[in-house]
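**Q** Please find one structure pasted underneath; my questions will follow.
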Amino acid sequence: MSAAAPDLAAGRWSIDPAHSEVTFTIRHLMTTVRGSFPDFEGEIRIAADPLESSARARIAMASIDTRNAERDAHVRSAEILDVGRYPSMTFDGTNVERATIGRRARHPRYHLDGELTIRDVTRPVRLLVEFHGVGSDPWGGTRAGFTATGTLSRSDFGIEFNVPLQGDKVMLGDTIALQLEIQAVLDAPAGA
């Protein structure tokens, strides 16, 4: 990664939630519903060997927004996310390796393996991360950009709610596709 990302300084980078997004999609009947979690925080720790880097994030479950207040209230309920008992989901990414897919991609790609915890259930999740580069911002800071994508099975986290439909069909799909657009600010260079 260091050869592919020479400007990515070792140190602690804070995720800037004002310039980042945590979004998801799920099948609902015959279409796809999109949503986001606007309340989140996190950091990326870039190691001297970037393949030994790590990332952490905390997402407020009650902030879910699918652009439908009635649906959002149901998703927050004990029947699905139970945000009263489980207010946050967390991700701890601890293993980085070069991705063998997307070799002709415009930007370097990596896999970030970690553990995602939802409703006190922890499961491994792999994200495909694309590094978009580093640059200065208008406020004198240094920023890095990343896109991360992955999928998870909601039933793996004990989220079983569904409505049976005609035949063997159900209202909600089990697979949730994740997309994170991350802008991170260098807080503390290594050795500072």
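The values are calculated or read from the model by the stated rules, or taken from the named source; none is laboratory data. Given the structure is predicted, the values throughout are model-derived calculations rather than measurements. Every residue, glycine among them, receives a Cβ derived from its backbone with ideal geometry; neighbour counts consider all protein chains shown. Please note that ligands, DNA and RNA were not included when accessible areas were found on the heavy atoms of the full protein model with its side chains. Shrake-Rupley method; radii C 1.70, N 1.55, O 1.52, S 1.80 Å.
Residue-wise test of (1) among the acidic types (Asp, Glu); (2) within 21 Å of residue 179 (Cβ to Cβ); (3) in contact with a Lys or Arg (Cβ under 8 Å, 6 or more places away or on another chain); (4) open to solvent by less than 30 Å² (accessible area, probe 1.4 Å).
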{"site": "29", "(1), (2), (3), (4)": "no, no, no, no"}
{"site": "41", "(1), (2), (3), (4)": "yes, yes, yes, no"}
{"site": "53", "(1), (2), (3), (4)": "no, yes, yes, yes"}
{"site": "60", "(1), (2), (3), (4)": "no, yes, no, yes"}
{"site": "70", "(1), (2), (3), (4)": "yes, no, no, no"}
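**Q** Of all residues in region 132-145, which are crowded, with 19+ Cβ neighbours inside 10 Å and at pLDDT below 95?
**A** Within region 132-145, no residue meets the criteria.
**Q** I would also like to ask the following. Looking at 97, 115, 79, which one is open to solvent by 40 Å² or more (accessible area, probe 1.4 Å), under 27 Å from residue 143 (Cα atoms) and in contact (Cβ under 8 Å) with a residue 40 or more places away in the chain?
**A** 97
**Q** For residues in region 38-76 being aliphatic (A, V, I, L, M), in a helix (DSSP H, G or I) and at pLDDT below 95, which is nearest to residue 188 (Cα to Cα)?
**A** Filtering first and then ranking leaves 51.
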